[in-house]
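Inspection log for the structure reproduced underneath, given as C-alpha cells.
The values are calculated or read from the model by the stated rules, or taken from the named source; none is laboratory data. Worth saying up front: this structure is predicted, and the values here are computed from it rather than measured. Glycine gets a Cβ as well: all are built from the backbone with ideal geometry, and neighbour counts include every protein chain shown. For the accessible areas, the whole protein counts, side chains as well, though only heavy atoms, and no ligand, DNA or RNA atoms are used. Shrake-Rupley method; radii C 1.70, N 1.55, O 1.52, S 1.80 Å.
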Amino acid sequence: VFSCVFQAILIFCWVYVRKYQSRRESEVISTITAIFALAVALISSALLPVDIFLVSYMKNQNGTFKAWADANVSRQIEDTVLYGYYTLYSIILFCVFLWIPFVYFYYEEKEEDNGDTCSQVKTALKYTLGFITICAVLLLIGAFVPLDIPNKKNSTEWEKVKLLFEEFGSSHGLTALSFSISSLTVIGMLAAITYTAYGMSALPLNLIKGTTSAAYERLENTEDIEEVEQRLLRIKSKCRDGRPLSSRDRRTVQQLEERLRTLRRRERHLESIEKSWWTKFCEAIRPLKIVWGVFFIIVALLFTVSLFLSNLDKALHSAGFDSGFIILGTNLTNPLNMLLPILQTVFPLDYILITTIVMYFIFTSMAGIRNMGIWFFWTRLYKIRRGKTRPQALLFLCMILLLIVLHTSYMIYSLAPQYVMYGSQKYLVQ
C-alpha cells in the first residue's frame with residue numbers, strides 16, 4: 001500500500017511540475033529538484049495520518065493491546081514512526097538551506113553568464129554558504145541554549161562546557177533539529193497566513209466562477225483582428241494617390257502587421273483548444289465543479305470555526321504562556337474534534353477524513369501560490385502560469401510548500417487535538 005502511495009505521489013509531482021514549467025527555460029536539475037521537494041512535502045504531510053493509524057491499530061476496542069502488539073513490537077513501531085519524522089524533517093532542512101538555494105543560484109548564474117560550469121558551481125556555493133550559516137546557527141542554538149545547566153557553586157567553566165557536550169551527545173542532536181524545525185515552522189505560519197488562507201477562498205470561488213471559454217476568447221480575438229485590419233486599411237488608404245507614407249505611419253503599419261500575425265496565431269491556437277476533447281470534458285463537468293466549489297467553502301468555514309474554538313479554549317482554560325498554552329482536556333469542543341471520534345465507529349472513515357483535511361491544506365496552499373505568484377513584501381517576483389513558469393518560480397513554490405507543511409503538521413493538533421493526539425485508542429479504566 002505504501003509503495004503504491006509513494007508511486008502515486010511521484011507521478012503527481014512529475015505531472016504537476018511538467019504542467020507548469022516553461023518549455024523554453026526548463027532545466028533538468030531544477031526539474032528534478034522541484035519534483036523531489038514537492039514529493040517530500042506531500043510525503044511529510046501524509047505521515048501524520050499514517051502515524052494515527054499505526055498507534056490506533058495496535059489496540060482492541062476494549063482498550064487492550066492486540067496479541068501481536070507486545071511491548072517490543074509497539075516500541076519498534078513507535079521508533080519507526082519517530083525516525084520517519086526526523087528523517088523527513090532532516091530532508092526538509094537539507095532542501096530549504098542547501099539544495100534548493102544552490103540550484104536557484106546555479107540557474108541564476110547560468111542565465112547571467114554562459115561560461116564554464118565550474119565557475120557557476122563556485123558562485124552558487126558562495127551564495128548558498130549564507131543559508132548554510134543560518135542553518136548552523138539554528139542548530140547550535142537548539143543544541144546548547146535551551147538546556148538547563150545545574151548551578152553548582154564549585155563547578156568550573158570547563159565542567160559546565162563539558163556538561164553541555166554530554167547533554168548534546170545524550171540527546172543525539174534531536175534538540176538541535178527540533179529547534180531548527182520550530183524556527184522554520186514559524187516562517188511556515190507566515191506563509192500559511194499569506195498563501196493558504198488566500199487559497200482556501202480562491203480555490204472554491206474559481207471553481208464556482210469558472211474560466212473564460214475558448215469560444216468566447218475566440219470571439220474576442222476575431223473582433224481584435226477586425227479592428228487591426230480596419231486600422232491598416234485606414235493608414236494604407238493615405239497612399240492611394242501615390243504619395244509615400246510618413247516614417248511614423250510606416251512604423252505603425254509594421255507594428256499592426258506584427259500584432260495581426262500574433263492574433264491569427266492565437267486564433268488557430270484557440271480553434272484547436274475549442275475542438276479538443278479536454279475542453280468538451282470540462283464543459284460537461286461544469287455543474288460538478290460548482291458543487292465542489294460550494295463544498296470547499298463549507299469546509300473552509302468549518303476549519304475557521306474549529307480553529308477559533310480550539311484557540312479560544314486554550315486562551316481561557318490553558319496553563320498559560322509559560323507552559324506553551326498546554327490544555328488538559330477540552331472545555332469548548334469544536335466540530336471536527338466531535339466528528340472524528342464519531343467516525344471511528346465505521347472503519348476507515350476517520351482516517352479518510354483526516355487524510356482529506358491534510359491534503360486540503362496542501363492543495364489550497366498550492367492554489368494560493370498559483371493565483372498570487374511569488375511575492376517579496378509588495379514586490380511580485382514570479383508568476384505561476386501553465387507552461388510558462390520559470391524554474392526559479394517552481395523552486396520558490398516548492399520551498400514555500402515545505403514550510404507550509406511544517407506548519408500544517410502543527411495546526412492539525414489545534415483542529416482536532418483529542419483525536420490527533422490519541423487516535424482511536426481506548427484505555428482500560430484502572
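The set of residues in segment 241-263 that are open to solvent by 100 Å² or more (accessible area, probe 1.4 Å) and modelled with pLDDT of 75 or more comprises ARG248, ARG250, ARG251, GLN254, GLN255, ARG259, ARG261.
Is there a residue in segment 309-316 that is open to solvent by 100 Å² or more (accessible area, probe 1.4 Å) and either without any contact (Cβ under 8 Å) to a residue 40 or more places away in the chain or under 30 Å from LYS209 (Cα atoms) (or both)? Among the residues of segment 309-316, at least one is open to solvent by 100 Å² or more (accessible area, probe 1.4 Å) and either without any contact (Cβ under 8 Å) to a residue 40 or more places away in the chain or under 30 Å from LYS209 (Cα atoms) (or both), which makes the answer yes.
Against the conditions (1) surrounded by 14 or more Cβ atoms within 10 Å (Cβ to Cβ); (2) of a type outside the set (S, T, N, Q); (3) over 26 Å from the mean Cα position of the chain (by Cα); (4) in a helix (DSSP H, G or I), LEU336 satisfies every one except (3).
For residues in segment 107-156 being basic (Lys, Arg) and at pLDDT 65 or above, which is nearest to LEU184 (Cα to Cα)? If you could, list the steps in order and put the result at the bottom.
To start, the set of residues in segment 107-156 that are basic (Lys, Arg) comprises 110, 122, 126, 152-153.
Checking the rest, the ones that are also at pLDDT 65 or above come to 110, 122, 126.
Working: LYS110: 29, LYS122: 27, LYS126: 22 Å.
Only one residue tops the list, namely LYS126.
Selection of segment 410-421 for residues being over 15 Å from the mean Cα position of the chain (by Cα), among the aromatic types (Phe, Trp, Tyr) and open to solvent by 20 Å² or more (accessible area, probe 1.4 Å) yields only TYR413. For segment 214-223, the count of residues that are of a type outside the set (Asp, Glu), more than 26 Å from CYS282 (Cβ to Cβ), modelled with pLDDT under 80 and touching a Lys or Arg at 6+ places or on another chain (Cβ under 7 Å) is zero. Specify the residue that is surrounded by the fewest Cβ atoms within 10 Å (Cβ to Cβ); the eligible residues are those in segment 383-409 that are closer than 18 Å to ILE35 by Cβ and of a type outside the set (A, V, I, L, M, F, W, C). Only one residue fits best here, namely ARG386.
With the structure loaded, tell me whether LYS238 is of a type outside the set (Asp, Glu), modelled with pLDDT under 75 and open to solvent by 50 Å² or more (accessible area, probe 1.4 Å) or whether it fails that test. Answer is yes for this residue. State all residues of segment 192-207 that are within 27 Å of ILE92 (Cα to Cα), surrounded by fewer than 21 Cβ atoms within 10 Å (Cβ to Cβ) and touching a residue at least 40 places away in the same chain (Cβ under 8 Å); if no residue qualifies, say none. Passing the criteria: THR194, ALA197, TYR198. What do you reckon, is THR194 touching a strand residue (DSSP E or B) at 6+ places or on another chain (Cβ under 9 Å), on the phi < 0 side of the Ramachandran plot, modelled with pLDDT of 85 or more and of a type outside the set (Asp, Glu)? Considered against the rule, which asks whether it is touching a strand residue (DSSP E or B) at 6+ places or on another chain (Cβ under 9 Å), on the phi < 0 side of the Ramachandran plot, modelled with pLDDT of 85 or more and of a type outside the set (Asp, Glu), THR194 comes out as yes. So, of the residues in segment 172-191 that are under 20 Å from the mean Cα position of the chain (by Cα) and not polar (S, T, N, Q), which turns out to be most open to solvent (accessible area, probe 1.4 Å)? Across segment 172-191, the extreme among qualifying residues is LEU190.
Scanning segment 349-398 for residues that are closer than 27 Å to LEU307 by Cα and either touching a Pro at 6+ places or on another chain (Cβ under 9 Å) or part of a helix (DSSP H, G or I) (or both) yields a total of 26.
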